[in-house]
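The values are calculated or read from the model by the stated rules, or taken from the named source; none is laboratory data. What you see is a predicted model; the values in this text were computed from it and never measured. Here the Cβ positions follow ideal geometry from the backbone for every residue, glycine too, while neighbour counts run over all protein chains shown.
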């Protein structure tokens, strides 16, 4: 297995980066859809269209991308010589926060699906900054490797 991981690590890393880009796109876009949804009257055509967009984004792009990120990242960590650095532990903690944010988005989407959202659009505007801040920190940790 170690030989396979070493031989294919550039491909695994490339696919990991593609999956990260897709996941981040969803993590940045879904809260923006929630802003519009929170402003739409419940039961309106606009709210119905947003429900469909939110469900498709989460199930069709974000969930598969997150799974790919975690699987491919696990393969990269299993590659000899990669695991064990302090920067990696910090990065993994931040990735866990991104996954928790993903789960919160999924729960909020279910609230919108049931027309049971109780949060204002301003809340979703504020939480829309969370993935950006985490992404910046993760990229700095992965590229700079400060410790």
Got at least one residue in the range 63-72 being surrounded by 13 or more Cβ atoms within 10 Å (Cβ to Cβ), under 14 Å from the mean Cα position of the chain (by Cα) and farther than 27 Å from residue 144 by Cβ?
yes
Of those in the range 101-125 that are outside any helix (DSSP H, G or I) and at negative phi, the residue surrounded by the fewest Cβ atoms within 10 Å (Cβ to Cβ) is 118
Looking at the range 110-124, is at least one residue under 21 Å from residue 20 (Cα atoms), without any contact (Cβ under 8 Å) to a residue 60 or more places away in the chain and in contact with a helix residue (DSSP H, G or I) (Cβ under 9 Å, 6 or more places away or on another chain)?
no
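Does residue 26 qualify as being modelled with pLDDT of 95 or more, under 16 Å from the mean Cα position of the chain (by Cα) and loosely packed, with under 12 Cβ neighbours inside 10 Å?
Numbers: modelled with pLDDT of 95 or more: yes; under 16 Å from the mean Cα position of the chain (by Cα): yes; loosely packed, with under 12 Cβ neighbours inside 10 Å: no.
No.
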